[in-house]
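Each remark here refers to the structure printed beneath this line.
Read the figures in this text as sums done on the coordinates, not as results from a lab. Worth saying up front: this structure is predicted, and the values here are computed from it rather than measured. In this analysis, Cβ positions are derived from the backbone assuming ideal geometry, glycine residues included, and neighbour counts consider all displayed protein chains.
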Amino acid sequence: MLAAQLAQLRDAAPTGLAEALDVVTGVDDALTRGLARVGEADAAALAALAGAVAGTPLAGRVAEAVGAATAGALTEDHLAALAGARSALLGAAHDALLDALDAALGRRRSPWTGPDAGIPEPAAALAGARAWLHEIALAGWRGVDHELVAASAAPVEAALAARELRRLAVLLDGFATELRACLPVATLPQVPARRWADLWARAVLLARGAAAGGAEAEPVSGRLLPLGVDVHEHDTAVQVQLHALLEPTGGGAPRPVRVTVAAAKVATIVGPAVWRLLEAYPVLLKALAERRAVTVTDLPLHGGDLRWDDTRADLGEPADPFATARVLLATAAAAATPPLDRHPAAIAEPVLVEGYTTRDDGGDLVLDLDGHPVPVTTERLPAAGPLTRALVAASTACLGLLRWDDGRWLLQPLAVRATVKRQTVEAHNGDWACGVTDAKVTKAEARAGDAVAVLRERAGRLLRR
């Protein structure tokens, strides 16, 4: 059954998807060259963007912004309109792809009931961030230099000072770090145009206060059943995102939710050591390491995102993620995605795939499910867990996330069941949340030393001086 569903999803691309993404590519190329002097090709790309949103409430603002860009008179308001239009187009692509996925898998999803996103009026406190993002857009990625990247320090510091702006601060800091690592950008053989344009557009909208348009928080209680963990790691931050099902107190359909916790880090903290940075969440980490359910009480739920508070969580009984997915995933009712988070790259839907064989297809790992190929992405496997490409290749059951990447659907493994030396083993990304359980990795970690402990000790010395 699942094989036919995945084949349907693979073979039925939404109408107009390719054309919409072509428009976004044109805008990204223009941002690569910079908007200070818009050439003929870039003017055509911006005009195509205006045409794509001509039937929406953004039409007037975007048309005005395109005219200003062509005339060389772009303001921060104009750039916000262009960023909003680009994000709206990617949001439409996201919705079309997610509708196709829901139709293929027979899943239910609530309609969006929050306020309209729009482009809010700018907040005065974010003037520095908006000014820096304006300069970046005018210079283009090819025109970024050390002085321009260094100018990000002041807006990052200002945003970090306000708790409600932490999201923007981390984004700006990470964006500037990537740009700095690629200097001189002018000599790069290829610029990550889509990624940098995504980061820039999201930062522009956050700097206008767009995040304030999110849905109201809903306090929820019930039993949280983990499915799998996705670890996102950057030189300056680590984020652990748990995909789980929430069985609400009082009954009702299970709800797919995400629990996200994060911490700042430095580039030398990698692999299993990143879990040490999340010791403020002992209940969550133990639930991951021991594969246990958690009883939660009055945690705020924003759409599908459950805001974690360890003091409102109690460890429950062991809960097999594979059994949870097999029994409950098909009946779960998902929440709508907030407007600012709608992007094809953000699609990550939990699925359970069983009874397949694996093969290597020109270097790519493929699951063969009843004659239907399911491409697997192993590039996202974190060094913080025991899951490896070899285990995935030896597996017969996989809990993963369906993602849309570069024009095709891919499966990202979160956990597998495999046969190794005639024995059935399981490996989950969160298995090492409370410490490494692999003897070889433990010895290697011991030889390398505890980077977190060393850095904390050095920081303590500095504070005592």
Quiz item: Using a simple spin-label model with points 7 Å from Cα along the Cα→Cβ vector, what separation in nm is obtained for ALA264 and GLU64?
Solution: 3.9
Quiz item: Shape call for the range 2-212 from the C-alpha gyration tensor, a ≥ b ≥ c root eigenvalues: rounded (a/c under 1.5), prolate (a/b greater than b/c) or oblate?
Solution: prolate
Quiz prompt | Estimated distance in nm for a label pair at ALA127 and ALA348, the labels positioned 7 Å out from Cα along Cα-to-Cβ | solution = 3.7
Quiz item: Relative to the first principal axis of the alpha-carbon coordinates of the chain, what is the inclination of helix 193-207, with its axis defined by its Cα atoms, in degrees from 0 to 90 and to the nearest 10?
Solution: 80
Practice problem: Can you tell me which of 104-110, 340-346 comes out highest on packing, and rank the rest after it, using the mean Cβ neighbours within 10 Å? | Solution: 340-346, 104-110
Quiz item: Fewest first, what order do ARG208, ARG194, ARG255 take by the number of other Cβ atoms within 10 Å?
Solution: ARG194, ARG255, ARG208
Quiz item: So if R0 is 22 Å, what FRET efficiency would VAL425 and ASP320 give, r being the distance between their Cβ atoms, rounded to the nearest 0.05?
Solution: 0.95
Exercise. Quick one: angle between helix 166-181 and the longest Cα principal axis of the chain, in degrees between 0 and 90, rounded to 10, please.
Key: 80
Quiz prompt | Additional length obtainable on full extension of the chain from ASP360 to ALA103, 0.36 nm per residue less Cα span | solution = 89.6 nm
Practice problem: Indicate the gyration tensor shape class of the chain (rounded, prolate or oblate), computed on the Cα atoms with a ≥ b ≥ c the square roots of the eigenvalues: a/c under 1.5 is rounded; otherwise a/b larger than b/c is prolate and the rest oblate. | Solution: prolate
Quiz item: Taking other Cβ within 10 Å of each residue's Cβ, how do LEU126, LEU58 sort, fewest first?
Solution: LEU126, LEU58
Exercise. Restrict the search to the range 354-448; then list the trypsin sites (Lys or Arg not before Pro) that DSSP places in a loop and that have at most 14 other Cβ atoms within 10 Å of their Cβ.
Key: LYS421, ARG422
Self-check item: Cα-centre dipole for the chain with unit charges at Cβ (Lys and Arg positive, Asp and Glu negative), debye to 20
Solution: 1240
Quiz prompt | Selected from GLY363, GLY407, LEU340, residue furthest toward positive end of dipole (the range 339-428; charges at beta carbon) | solution = GLY363
Quiz item: Going toward the positive end of the dipole of the range 218-334, with +1 on Lys and Arg Cβ and -1 on Asp and Glu Cβ, which of LEU284, LEU329, LEU301 do you reach last?
Solution: LEU329
Quiz item: Calculated from DSSP H runs of 4 or more alone, at -39500 (n - 2.57) each and per residue, what is the 222 nm mean residue ellipticity of the chain, nearest 500?
Solution: -12500 deg cm²/dmol
Quiz item: Where does the charge balance sit around ALA18 when Lys and Arg score +1, Asp and Glu -1, over other residues with C-beta under 13 Å from its C-beta?
Solution: -2
Quiz item: Given the C-alpha centroids of the range 247-283 and the range 1-52, what is the distance between them in whole angstrom?
Solution: 34
Exercise. Calculate how steeply helix 40-52 sits against the longest principal axis of the alpha-carbon atoms of the chain, using the helix alpha-carbon long axis, and give the answer as 0 to 90 degrees to the nearest 10.
Key: 60
Self-check item: Chain lengthening between ASP11 and ALA162 when straightened (0.36 nm per residue, less Cα-Cα)
Solution: 49.7 nm
Practice problem: Please find the FRET efficiency linking ARG194 to ALA330, where r is the Cβ-Cβ separation and R0 is fixed at 51 Å, and quote it to the nearest 0.05. | Solution: 0.95
Quiz prompt | As computed over the range 283-358, the Cα convex hull volume per residue (Å³) | solution = 149
